[in-house]
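So the structure is just underneath, and the comments pick up after that.
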Amino acid sequence: MTREEISALLTRRRQALERRDIIALANLYSETGIVESPMAGGSVTGRVAIAELYERWFKAFPDIQQTFEEPLIDGDRVVQTILSEGTDRGEFLGLPPTGKPFHIRIVLVATAKDHQIVHERRIYDFTGMLVQIGVLKAKPA
């Protein structure tokens with residue numbers, strides 16, 4: 001894929017995220033696409049599992065807003081930083097909502113092939129997020 005094609009794929013991903021369009025998001029991944037994410041507890045494979053991961057994210061944080069920085073594209077690889085902010089308003093990890101806000105930076109590392117994402121790794125401070133929304137308690141420094 002060319003740099004422009006990968007950039008267009010990322011634009012479609014951002015637009016689908018903004019619309020909360022789970023079907024469009026899942027279709028951006030290959031049939032055997034893999035997403036590694038702390039929220040997944042490791043990794044998920046395939047469009048159905050990826051769609052379920054997005055569904056849980058949107059249900060837990062229905063007001064989520066994301067700000068995307070310019071991606072770094074090298075060959076078929078992409079790195080992009082995303083600022084995510086939202087409020088725990090739905091069931092997250094099987095726990096009732098706390099109503100508390102969070103803001104985290106996510107580093108997205110992905111590989112694209114044939115106009116689809118074949119592998120995506122989401123790196124972020126999951127423990128810090130859990131402390132922000134009140135699921136975990138932090139010991140004062």
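Rule-based calculations on the coordinates, nothing more; no lab input. Every value quoted in this text rests on a predicted model; they were computed, and no experiment measured them. Cβ placement follows ideal geometry from the backbone for every residue including glycine, while neighbour counts extend to all protein chains displayed.
A cut-off under 12 angstrom between Cβ atoms defines the neighbours of Leu130, and their net charge, with Lys, Arg +1 and Asp, Glu -1, is 0. Loop-resident GluC sites (Glu not before Pro) (DSSP state other than H, G, I, E or B) in the stretch 46-91 with no more than 13 further Cβ atoms inside 10 Å of their Cβ: Glu69, Glu91. Could you compute how fast the stretch 23-103 diffuses translationally, taking Rh as the Kirkwood radius over C-alpha pairs and applying Stokes-Einstein at 37 °C with viscosity 0.692 mPa s? Give it in µm² per second. For the chosen part, D equals 233 µm²/s. Gain on full extension, evaluated as 0.36 nm per residue between His115 and Gln66 minus their Cα-Cα distance, stands at 15.3 nm. Set the Cα radius of gyration of the chain against 2.2 N^0.38 Å, with N its number of residues, and you get 1.05. Each residue in Ser43, Ser30 was given a count of other beta-carbon atoms within 10 angstrom of its own, and listing them fewest first yields Ser43, Ser30. Taking the longest Cα principal axis of the chain as reference, the axis of helix 47-60 is set at about 40 degrees. Summing charges over neighbours of Val44, with a neighbour being any other residue whose Cβ is under 9 Å away from its Cβ, gives -2 when K and R count +1 and D and E count -1.
Would you compute, from DSSP H runs of 4+ residues alone, the mean residue ellipticity of the chain at 222 nm, taking -39500 (n - 2.57) per run and dividing by the full residue count, rounded to the nearest 500? Using -39500 (n - 2.57) per qualifying helix, the result is -9000 deg cm²/dmol.
The charge dipole of the stretch 3-132, taken about the Cα centre with unit charges on the Cβ atoms of Lys, Arg (+1) and Asp, Glu (-1), comes to about 180 debye, rounded to the nearest 20.
Each other residue within a Cβ distance under 14 Å of Ile82 adds +1 if Lys or Arg and -1 if Asp or Glu, for a net charge of -1.
Among all lysine pairs in the stretch 21-141 that are eight or more places apart or on different chains, how many have alpha carbons less than 28 angstrom apart?
4
Overall shape: prolate for the stretch 85-141, with the ratio a/c of the largest to smallest alpha carbon gyration tensor axis at 1.5 or above and a/b above b/c.
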